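The block underneath contains the structure these notes are about, expressed in structure tokens.
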Amino acid sequence: MYRSHHCGQLRALNINEEVTLSGWVQKSRDKGFVIWVDLRDRYGITQLIFDAERTPEVIVNMAKSLGREFVIQVTGTVIERTSKNPNLETGDIEVLVSKLTVLNEAKVPPFTIEDQTDGGEELRMKYRYLDIRRNPVKNNLIFRHKVTQEVRSYLSSQEFIEVETPYLIKSTPEGARDFVVPSRMNEGQFYALPQSPQTFKQLLMVGGMDKYFQIVKCFRDEDLRADRQPEFTQIDCEMAFVNQEDILNIFEGLTRHLIKSIQGKDISSFPRMTYDDALQTYGNDKPDIRFGMKFGELNAVSQHKDFGVFNSAELVVGIAVPGGNSFTRKEIDSIINWLKRPQVGALGMIYSRCNDDGTYKSSVDKFYDQEDLAQWAQVTGAQAGDLVCVLSGPTDKVRTQLSALRMELAERLGLRNPKEFAPLWVTDFPLLEWDEDSKRFHAMHHPFTAPKPDQIKLLDSDPGAVKANAYDLVLNGNEIGGGSIRIHDKATQALMFNHLGFTPEEAKEQFGFLMNAFEYGAPPHGGLAFGLDRLVAILGGQETIRDFIAFPKNNSGRDVMIDAPSAIDAAQLNELHLKVDLK
Ligand code: ASP
């Protein structure tokens, strides 16, 4: 028996009991006549005491040579501590050791195994197993476990069935780049790792599974942006005989359940907003609605004077920054410099201070009088004490810039409270989006998304205007889920492929299996997928998904611990029928 209790378990009630514990040496303090050792395992820390009077000498000597992170087993008696530690659950007691076994020695760890460690990111990644011993990482993994348990139990209670779909599938050209796997047994042929189980879950609906979910790894070979992982986890879901309303309701239920069971918070409403409105009101399709600063379009009240910058702009748009009139000139300059950084790329910013006495003071007083500025305040919803910030230029660009500014100011003003949860459905996404590089339309969501039935007729005349029954669930400014009602008949699917630039032969070659299935009684269906890593991070009140993944990749897509990706030897290449020119 390695242990009778774990290291977070013993209390005053256990005093006088003989116990056996196993764990890691967190630290030891040698006072000569007495040695204290903090013994740690997943559950907590228990203080061990070895003293010259009560502990056999050989054991005291052994204790003196224990290093940090040694794995040991001890047997001893639980005694009351003379100085109690109220910060530790086991802080009322200590274990007077009578027997000590070193189960394994340990080298000095390259960084301290403490909540606040001295190890840098890269070093901690390389020794991730040591990082996992630290509370912040360990607790995140336990937290993630709780979330996935709640997901499974909720969806099971709603009659969803968890089904596994294959990881070795067929490469398809749509979407992101595939990771591919060469086939040894089929020379010159490759599997792809799924970007998502999309087509399989649809086939499960054709198969009559009715309600499916899976907590599943997905793989996308995209250029990595900060906090993206080439492999990530989805809560993937699909339902048959549903319309959009049914789906939104079910997954509102799941999200509400998670926020309640994990954070104890009741979410009363899941507001909805169309994609077009989101862009107009917040400048992006995943607005953080924990705070205001809605966009006010100012063309009508700013293009009637001699200010050329505004007059020539497609869009003039502003936000009212609450309390922003207290910003000093220097603070405003710092905001303008922030906007001018290449990452944001604005040329400048016009502003108008809303004074407490009801007057205004703007950076363009030369052009605009008090009446004009009062209208700006009215359109942006500014009150006395606020600052109206205005940008102008081409619509898409300006919206993106002002949206970035809105988030930045919210951050600076402390309006993004991680303990508050503000979900939002964004609906009515466009079906297609124009891609300048390839000069053709791409599916905005994916090629299996259904156009709104009354808009199919627009596909020929104005494809960019067609809206889909596609929706995203946004939480605190992050897209945490997205999905759609799917096409379930062969003719519409063929029409869609045609609009995406596939010849009928290409469509058949790539997606024949799905089109065939649609000929054998496919039910109407739809679904969505949540990004689990991000969802867990947000529920945990944090931003970085890497902190909630046991063995994440770094920003270059590498696993620095196992050193992957790596070269393979010539024999292996040969077997896979691959020739690689090693330069
Ligand atoms: N498969 C989609 C995705 O990965 C989600 C869905 O449409 O259900 O984004």
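Take 96-107, 470-481, 445-456 and order them by the average number of nearby Cβ atoms within 10 Å per residue, most first; the result is 470-481, 445-456, 96-107. Pairs of alpha carbons in the range 20-98 separated by more than 19 Å make up 27% of all such pairs. The listed residues V466, V379, V309, once ranked by accessible area (1.4 Å probe) with the largest placed first, stand as V309, V379, V466. Computed from label points 7 Å out along Cα-Cβ, the spacing between N311 and R11 is 7.8 nm. Axis angle, to the nearest 10 degrees, between helix 395-412 and the longest C-alpha principal axis of the chain: 30 degrees. The Cβ shell under 13 Å around H577 holds other residues with a net charge of 0, Lys and Arg each +1, Asp and Glu each -1. Rg then Dmax, both in Å and based on the Cα atoms of the range 276-357: 14.0, 38.
Taking every C-alpha pair closer than 8 Å and separated by at least 6 residues, the mean separation divided by the residue count of the range 390-545 gives a relative contact order of 20 percent. Label-to-label distance, K260 versus E121, with points set 7 angstrom from Cα along the beta-carbon direction: 3.8 nm. Compactness check for the chain: Cα Rg over 2.2 N^0.38 Å is 1.22.
The C-alpha radius of gyration of the range 458-583, expressed as a fraction of 2.2 N^0.38 Å, stands at 1.56. Run the accessible area of the range 310-441 with a 1.4 Å probe and give the carbon-and-sulfur part as a rounded percent. Reported share for carbon and sulfur atoms: 50 percent.
Relative to the longest principal axis of the Cα atoms of the chain, the long axis of helix 135-157 makes an angle of roughly 60 degrees. As a check on your grasp of the helix formula, calculate [θ] at 222 nm for the chain: sum -39500 (n - 2.57) over DSSP H runs of n ≥ 4, divide by the residue count, round to the nearest 500. The per-residue figure over the chain is -8500 deg cm²/dmol. Overall, the accessible surface of the range 103-144 at a probe of 1.4 angstrom is composed of carbon and sulfur to the extent of 49 percent.
The angle between the Cα long axis of helix 370-380 and the main principal axis of the chain comes to about 60°, on a 0 to 90 degree scale.
Anything over 27 Å Cα to Cα? Flag those among K201/K397; K340/K467; K201/K452; K397/K490; K211/K260; K211/K553, in the order listed. Long pairs (Cα-Cα over 27 Å): K201/K397; K340/K467; K397/K490; K211/K553. Stretching the chain fully between T148 and K330 yields a gain of 60.8 nm (0.36 nm per residue, less the alpha carbon separation).
Rounded if a/c is under 1.5, else prolate if a/b beats b/c, else oblate: with a ≥ b ≥ c from the C-alpha gyration tensor eigenvalues square-rooted, which is the range 68-155? Oblate, since a/c reaches 1.5 and b/c is not below a/b. Remark: relative contact order (the chain) = 13 percent; criterion is Cα-Cα distance under 8 angstrom and separation of 6 or more residues. Summed over the residues of the range 116-207 and divided among them, the accessible surface reaches 55 Å² per residue at a probe radius of 1.4 Å.
Accessible surface computed residue by residue for the range 228-371, with neighbouring protein chains in place and a 1.4 Å probe, gives 47 Å² per residue.
Average accessible surface for the range 480-583: 50 Å² per residue, computed with a 1.4 Å probe over protein heavy atoms with every protein chain in place.
The values are calculated or read from the model by the stated rules, or taken from the named source; none is laboratory data. These figures come from a predicted structure and were not determined experimentally. A quick note on method: Cβ atoms are made from the backbone with ideal geometry, for glycine too, and the neighbour counts reach across all protein chains shown. Surface areas here come from the heavy atoms of the whole protein model, side chains and all, with no ligands, DNA or RNA. Shrake-Rupley method; radii C 1.70, N 1.55, O 1.52, S 1.80 Å.
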